[in-house]
Amino acid sequence: MTEPIWWPQVLAATSLRRQAAGMLLAHATPTVVGGTLRLTFARADVAAAWRDSGAQAALEGAMQHCGVAIPVHVRTLTTQEV
């Protein structure tokens, strides 16, 4: 699967809203599966940092600003949702 065409714009907007969110997203593989943005992190500690940082709120705000209205789910490579 390839990343969504709107991903670079959303990534840039998220980074402007919260620099830490952008740094964490640099470790994510974004795909759209069944109308949901799936962020897959290779490392469980990075996925946990994402969960604990509040970075998802920054991403969702940036997505809303860019006109992208789909839910976000975070996973590690083991497909365990965090």
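Values quoted throughout were computed directly from the atomic coordinates according to the rules given, and no laboratory measurement underlies them. Keep in mind that this is a model prediction, so the values were computed, not measured.
Tabulated results
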{"read-out": "Length released on extending from residue 51 to residue 66, taking residue separation times 0.36 nm less the Cα-Cα span", "value": "3.2 nm"}
{"read-out": "Orientation-averaged projected area, Cα convex hull of region 1-75 (nm²)", "value": "4.3 nm²"}
{"read-out": "DSSP bridge orientation in the chain - percent antiparallel, rounded to nearest 5", "value": "60 percent"}
